[in-house]
Amino acid sequence: MSMLPCTPILVSACLLGQPVRYDGRAQAIHSSVLLRWQEQGRVFSYCPEVAGGLPVPRPAAELQANGQILTRSGEDVTDAFRRGAAQALTLCLQHGIRLALLKARSPSCGNHQIYDGRFRGQLIAGEGVTAALLRRHGISVYSEFELSELEAQLARFDAALG
């Protein structure tokens, strides 16, 4: 029995229940759609911050207006974030991944809003480092709040595969 071709998806590991967030916790989304995608073998789990070399747990970090990523204490973790983003792009290119489901508001993965860099809990329009890099290379990035939009796009991609 041959499997129908299916479009792969990069998914933030924390959304899949892996405890990789800065606070050592997960942010699992419980969705029958996501579960079906996992069962179909199309999900590539990935955490850019861990891939970039940051530990779990780790201090919270926010993207600054100048492009640096700093912890509350002022430690510059920009290089680790950029390494993780570059590795995410490499993974996508190697596996033909054109869709990503990433954690909203993250300095790595946020696709519409991120925290303002002042550790006040204020959101501003912007993208995390990984989301921005993927989007610049033609990969569509969705957050956990956009599952229905991602599902529709995935159906269109799968239909194009035949």
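Each value in this text was obtained by applying a stated rule to the coordinates, not by laboratory testing. None of the values given here were measured: they were computed from a predicted structure. A quick note on method: Cβ atoms are made from the backbone with ideal geometry, for glycine too, and the neighbour counts reach across all protein chains shown.
Below is a table of values for the structure above.
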quantity: Stretch gain in nm, segment Arg120-Arg136, where the contour uses 0.36 nm per residue and the Cα spacing is subtracted; calculated: 2.9 nm
quantity: Added length on full extension, which subtracts the Cα-Cα distance from 0.36 nm per residue, Glu151 to Ser73; calculated: 24.1 nm
quantity: DSSP-defined antiparallel bridges as percent of all bridges, the chain, nearest 5; calculated: 35
quantity: Under Karplus coefficients 6.51, -1.76 and 1.60, residue-wise ³J(HN,Hα) of region 33-47 in Hz, glycine/proline x; calculated: 5, 5, 4, 4, 4, 5, 4, 7, x, 9, 8, 10, 7, 7, 10
quantity: Selected from Pro57, Ala125, Thr90, residue furthest toward positive end of dipole (region 29-162; charges at beta carbon); calculated: Thr90
quantity: Options Ile9, Tyr22, Trp37, ranked by Cα towards positive dipole end of region 1-83, top entry (Cβ charges); calculated: Trp37
quantity: Pairwise FRET efficiency - Asp158 versus Arg105, Cβ, R0 = 41 Å, nearest 0.05; calculated: 0.90
quantity: HN-Hα J in Hz across region 81-89 - Karplus 6.51, -1.76, 1.60, θ = phi - 60°, x for Gly and Pro; calculated: 5, 5, 4, x, 5, 5, 5, 4, 4
quantity: Fully extended contour minus Cα-Cα distance, from His112 to Leu35, at 0.36 nm per residue; calculated: 25.3 nm
quantity: For the chain, Kirkwood radius (reciprocal of mean inverse C-alpha pair distance, Å); calculated: 15.9
quantity: Vicinal HN-Hα couplings computed from phi for region 116-121 (Karplus, 6.51 cos²θ - 1.76 cosθ + 1.60; Hz; Gly/Pro x); calculated: 6, x, 10, 6, 10, x
quantity: Projected label distance in nm at Gln94 and Ala65, using a 7 Å step from Cα toward the beta-carbon; calculated: 3.9
quantity: Interchain or long-range residues, amide H under 5 Å from Ile9's placed H; calculated: Val43, Phe44
quantity: Cα gyration tensor, region 63-114 - rounded (a/c under 1.5), prolate or oblate; calculated: oblate
